[in-house]
Amino acid sequence: MATLSLAVLLAESARRRPDGLAVVEGDRRTDYATLWQDALRVAADLRERGVGPGTRVALLAPNVTGFVTAYYGILAAGGVVVPVPTLLGAREIGYVLRHSGARVLLRHDALADLGGAAADEVGIPAVSLAGLGDGAEPLRTYVSRDPSDTAVVFYTSGTTGLPKGALLTHLNLVMNATTNAFDGNEIRRDDVVMGSLPLFHVYGQSVAMNTTFRLGTTLVLQPRFHAAEAIDLMVREGATIFMGVPTMYVQLLEAAKDAERLPALRDCVSGGASLPVVVLERFEEVFGTPIHEGYGLSETSPTATSNQRLFGRRAGTIGHPIWGVEVEIANEAVPERIELRPTGERGEVVVRGHNVFAGYLDDDDATAAVMVDGWFRTGDIGVKDEEGFVRIVDRTKDLVIRGGFNVYPRDVEDVLSRHEAVGQVAVIGLPDEVQGEEVCAVVVPADGATLDPDELVAWSRERLGKHKYPRRVEVVDALPLGPSMKVLKRELRARFSPPAADARSAAPASASPPADPPVRPADPEHPTTPTPDQPDHSQEA
């Protein structure tokens, strides 16, 4: 019977490049042989605590070397890793611990109080990473696992309810790291990868950490992202690869204005959300480095597509499917089966291949709703052109329907991002008695800029269709971000939605131009169609 463990990524690099530099954390440098032996000591320690094949172990830690050794130690012992976002509160951590059935929580000392309180509530031990494995005789090797066994349980962001546990198998994650390394991102053996993405998140964990270890190259850890510090760290350590989400690239551009020196990056990868084309263009001009945008979700391990050198790169798209994965566009109005749309038509992005998860933990109904005819329904709206490039238009739950017209926030955000006074922007739909929903732009001004809502409304009216331009502009100091630094639009909708009883009177007068003539009740090009409630998806990659 064939066996496969995600632990093989670190084990093989330790065998092939024992003296190679694996992880840099501040002044601490750890080679592959040492890192693997430390992980095997953790595995031995965990075995003494009752952890064996299939035991779920929660891991609560920032981007530190201890996260890496604990992660691979759990896997080496045959256990299942349950990463816990460090930004959660005690009650939310308690939910993850309870729902996952974790038998023990491994936590960093900086999170001792938070993790301890949650573990106590659930009734499981909380063990410090400090000293974990010290003095233990390392296991001879890792425990055998079946390729279809669960390796990691990732909890989704819970945008429409309680988070669900996405079950990713050893096969899912080994294949994703391999295709990322050799096809999707083409990382080289001598590259130095900047690890600013949180390792508790599927993007940072699979695309950054696991892919780096698949090749045996170096991962530079930044415990928490700070743009100016990231630039200094990349310069000091000679980083050649940066992986981030759009908000990180925006912040790096701002920090670059005051930086004495910029890193000599060879390549950059963007995921987690759609990257505005103007941000890509500005970054490439300032840093002199191309950005390859990709796409995926927790349920797809995460990478499903990327802009690959084999097919060429096209700004504003998420490229082509990675090796062994199919990505197509289906009719979102037919939830019970997969009905593929013709090339060039918009519809729901669907995925099948080695990267698709094994389902949601203890939730057969939710699994059945997204797994249809062998395809995973992402809940994202996209389009695929004649050359095979895929573009994400928006999430179905973020779609704004104004007066019967479909408005895709991504289209509006791309235009508004080009205004000189706009630093960051998120477009949402707010309830409106007349139009059903009204387009609202929530804007963070560019550094040093003063933004006039009325002027931005007028500016956008000249550049966007009558049904698309925002009638309402809200200026904020910062956009709310989730653990993976994605903008939380649900919080913006909750903050700016008018009271249900008096939606019209709640709209601000400062950004409300005269009403337009009535629009047709339906969009002739992209007719409005009802869609089922979509599942909670975590951040893409």
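Here, each number is a calculation from the coordinates, and none is a lab measurement. What you see is a predicted model, and the numbers here were worked out from it, not measured in a lab. As a convention, Cβ positions derive from the backbone with ideal geometry for all residues, glycine included, and neighbour counts pool all protein chains shown.
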- Task: State the answer as a single residue: which of P409, A61, T343 lies farthest towards the positive end of the charge dipole of the chain, with beta carbon charges of +1 for Lys and Arg and -1 for Asp and Glu, about the Cα centre.
- Result: A61
- Query: Quick one: putting +1 on the C-beta of Lys and Arg, -1 on the C-beta of Asp and Glu, what dipole do you get for region 1-143 around its Cα centre, in Debye to the nearest 20?
  - Reply: 440
- Task: Determine ³J(HN,Hα), in whole Hz, for all residues of region 180-187 in sequence, where each value follows from phi through the Karplus function 6.51 cos²θ - 1.76 cosθ + 1.60 and θ = phi - 60°; x replaces Gly and Pro.
- Result: 4, 5, 9, 10, x, 10, 6, 6
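Just check region 88-191 against the gyration tensor rule for me: Cα atoms, a ≥ b ≥ c as the square roots of the eigenvalues, rounded for a/c under 1.5, and otherwise prolate or oblate depending on whether a/b exceeds b/c.
Values: a/c = 1.87, a/b = 1.32, b/c = 1.42.
Oblate.
When the dipole is taken about the Cα centre of region 376-437, and only Lys, Arg (+1) and Asp, Glu (-1) are charged at their Cβ, what size is it in debye, to the nearest 20?
Numbers: 8 positive and 13 negative charges, 42 e Å.
For this selection, approximately 200 debye.
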- Task: Would you pull out the residues with amide H under 5 Å of A151's amide H, same chain only if 5 or more places away, H placed 1.01 Å from N?
- Result: L168, T169, H170
- Please name whichever of A304, G271, V174 sits farthest to the positive end of the charge dipole of the chain, dipole taken about the Cα centre and charges placed at Cβ: Lys and Arg +1, Asp and Glu -1. V174
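Let me spell out the model: positive unit charges on the Cβ of Lys and Arg, negative unit charges on the Cβ of Asp and Glu, origin at the Cα centre of the chain. What dipole size does that give, in debye rounded to 20?
800
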- Protection-proxy order for peptides 205-213, 415-423, 180-188, 49-57, each taking the mean of Cβ atoms within 10 Å per residue, highest first: 205-213, 180-188, 415-423, 49-57
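Where both partners of a DSSP beta bridge lie in the chain, what percent of those bridges are antiparallel, to the nearest 5? Provide the component values of the computation, followed by the final result.
Values: 47 of 78 bridges.
Beta bridges within the chain, antiparallel portion: roughly 60 percent.
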- So what's the gap between the Cα centers of region 294-361 and region 1-72, to the nearest angstrom? 31
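When only Cα pairs under 8 Å and 6 or more residues apart are kept, what is the percent relative contact order across region 399-511?
Working: 198 pairs, mean separation 28.6, N = 113.
25 percent.
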- What shape does the chain take by its C-alpha gyration tensor, where a ≥ b ≥ c are the square roots of the eigenvalues and a/c under 1.5 counts as rounded, a/b above b/c as prolate, and the rest as oblate? prolate
- How high is the relative contact order of the chain, given as a whole-number percent (alpha carbon pairs under 8 Å, six or more residues apart)? 12
- If a/c stays under 1.5 just call it rounded; otherwise compare a/b with b/c (prolate if a/b is bigger, oblate if not). Do that for region 399-511, with a ≥ b ≥ c from the square roots of the Cα gyration tensor eigenvalues. rounded
